[in-house]
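Every number here is computed from the coordinates shown, using simple stated rules; none is lab data. Computed from a prediction, not measured in an experiment: that's the story for all the values here. As a convention, Cβ positions derive from the backbone with ideal geometry for all residues, glycine included, and neighbour counts pool all protein chains shown.
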Amino acid sequence: MALYFDVKGLSPQGGKDYVEHFPSEEDESGDPKYYGLLSAIGTWMIIEHNTTDGTFRYLAGKTSATYQTAWTNRAINVYGYLSEIYSN
């Protein structure tokens, strides 16, 4: 299953695009749970799902080179609402 996100400001082309992101990694070992998504153009997103309160927060990046560090640090990253991520 692919998810589509508007990557305005995150697209390497700098335009407004809807880009297909595919599941890459997941960590469901605790709460919150984390899901990593990658696209063919290198943009990425990590979704933090707090199952206790039912909330979702997001972190996104422009290049696949920064994804692995973000995934490694998933438990200490600062996550936000989608509107905050794409407000630039």
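Taking the criterion of being without any contact (Cβ under 8 Å) to a residue 24 or more places away in the chain and more than 18 Å from ASP31 (Cβ to Cβ), the residues of region 46-72 that qualify are ALA65, THR66, GLN68, THR69, THR72.
Each residue in region 45-72 was checked for being surrounded by 12 or more Cβ atoms within 10 Å (Cβ to Cβ) and either aliphatic (A, V, I, L, M) or in a loop (DSSP other than H, G, I, E, B) (or both), and 8 pass.
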